[in-house]
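Asks: Below you will find the structure I want to go over with you.
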Amino acid sequence: MRSWIPAVLFGVVLSPMGAMAQSTPKAAEFGPKVLKVAQGELQTWINDPVIIYAIREQNELYSGLSQKKINRLDKRWVKGGSRGPMVGDLLGRQASIILRDRRELSNGLINEIIVMDALGLNAAISDATSDFYQGDEAKYLETYLRGPDAVHIGELEFDESTQKVQTQVSLSVTDPDNGDVIGAVTFGISLDALTN
């Protein structure tokens with residue numbers, strides 16, 4: 001399952017956004033370092049029992065939800081904005097508090113963390129997200145649907161709020177009891193912090 005990872009990393013470095021970053025010597029170190037962090041410390045973070053419980057609970061709650069209802073939930077999330085009731089409820093849950101703590105303790109390496117359920121809906125978040133449904137994005141499609149060892153590294157992006165170059169690395173989340181894939185997680189990683 002991991003054989004496609006180098007191709008993803010190669011594509012990232014040679015993508016249009018990656019080409020912008022190739023002018024710095026840091027770009028050559030980018031892919032392998034992100035992969036090492038993802039398969040090391042970040043992999044252990046997502047095995048926290050509170051996070052696993054949050055995903056299991058939401059998978060049960062939304063089991064069998066139609067795409068039409070998912071779209072309605074997503075519209076309600078977007079309409080409420082970053083201070084809406086859905087966002088506030090999710091940010092107040094224990095799993096989201098743990099994610100915020102982990103982000104804060106990362107010394108600037110992690111900018112955001114999004115945990116998704118089996119449908120690609122936010123199950124826990126470190127910060128408000130623009131949408132509730134991630135199921136149509138690579139962070140979900142290239143992890144949850146690919147199996148337990150899937151890793152997806154997004155393209156380099158310039159974050160206006162932090163004024164730093166960052167990427168997203170996403171992993172499948174498995175149930176520690178049976179090894180089944182139950183969701184996915186995305187970490188926003190600061191390239192500056194990664195290469196310093």
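The values are calculated or read from the model by the stated rules, or taken from the named source; none is laboratory data. Quick caveat, the model's predicted, so the values are computed rather than measured. As a convention, Cβ positions derive from the backbone with ideal geometry for all residues, glycine included, and neighbour counts pool all protein chains shown. The accessibility values were calculated without ligands, DNA or RNA, using every heavy atom of the protein model including side chains. Shrake-Rupley method; radii C 1.70, N 1.55, O 1.52, S 1.80 Å.
Asks: With the Cα gyration tensor of the stretch 65-196 in hand, give its eigenvalues times 5 under a square root as the equivalent ellipsoid semi-axes, listed largest first in whole angstrom.
Replies: Equivalent-ellipsoid dimensions as semi-axes: 22, 19, 15 Å.
Asks: Taking the highest mean first, how do the peptides 95-106, 56-67, 135-146 order by number of other beta carbon atoms within 10 angstrom per residue?
Replies: Taking the mean over residues of other Cβ atoms within 10 Å, the ranking is 135-146, 95-106, 56-67.
Asks: Which value in nm describes the separation of the simple spin-label points at Arg76 and Tyr53, placed 7 Å from the Cα toward the beta carbon?
Replies: 2.4
Asks: Computed over the Cα atoms of the stretch 100-178, what is the convex hull's projected area averaged over all directions, in nm²?
Replies: With every direction weighted equally, the projected area is 5.9 nm².
Asks: Starting from the amide H of Ala150, placed 1.01 Å from N in the peptide plane, find each other amide H under 5 Å away whose residue is 5 or more places distant or on another chain.
Replies: Close amide H contacts, sequence-distant or interchain: Ser172.
Asks: May I pose another question? With Cβ to Cβ distances under 11 Å as the rule, what net charge do the other residues near Lys69 carry (K, R +1; D, E -1)?
Replies: Once all neighbours under 11 Å are counted, the net charge is +3.
Asks: Does the stretch 26-78 come out rounded, prolate or oblate, given a ≥ b ≥ c as the square roots of the eigenvalues of its C-alpha gyration tensor, rounded meaning a/c under 1.5 and, failing that, prolate meaning a/b above b/c?
Replies: Cα axes put the stretch 26-78 in the oblate bin.
Asks: Around Gly183, which amide H atoms from residues at least 5 apart in sequence, or from another chain, sit under 5 Å from its own amide H, with H modelled in the peptide plane?
Replies: Placed amide hydrogens put Val173 under 5 Å from Gly183.
Asks: Here is a follow-up. Check which residues have an amide H placed less than 5 Å from Gln134's amide H, if you skip close sequence neighbours.
Replies: Long-range HN contacts for Gln134: Leu121, Asn122.
Asks: Another question, then. Along the Cα→Cβ direction, 7 angstrom out, place labels at Ala193 and Asp180. What is the inter-label distance in nm?
Replies: 3.4
Asks: Got a sec? Which residues in the stretch 88-104 would a label at Thr44 touch, if it sits 7 Å along Cα→Cβ and we count backbone N under 15 Å?
Replies: Inside the label zone: 102.
Asks: Consider a paramagnetic label point 7 Å from the Cα of Leu105 along Cα→Cβ; state which residues of the stretch 35-52 have an amide N under 18 Å from it.
Replies: 37-52
Asks: Round to a whole number: what % of the accessible area of the stretch 137-190 belongs to carbon and sulfur, probe 1.4 Å?
Replies: 43
Asks: Counting only heavy atoms of protein chains, what accessible area per residue, in Å², does the stretch 72-178 have with a probe of 1.4 Å?
Replies: 47
Asks: Which value, to two decimals, describes the C-alpha radius of gyration of the stretch 57-125 once divided by 2.2 N^0.38 Å?
Replies: Compared with the compact-globule rule of thumb, the stretch 57-125 sits at 1.20.
Asks: Please calculate the 1.4 Å probe accessible area of Phe158, with all protein chains present, and give it to the nearest 10 Å².
Replies: Approximately 90 Å² of Phe158 is accessible to the 1.4 Å probe.
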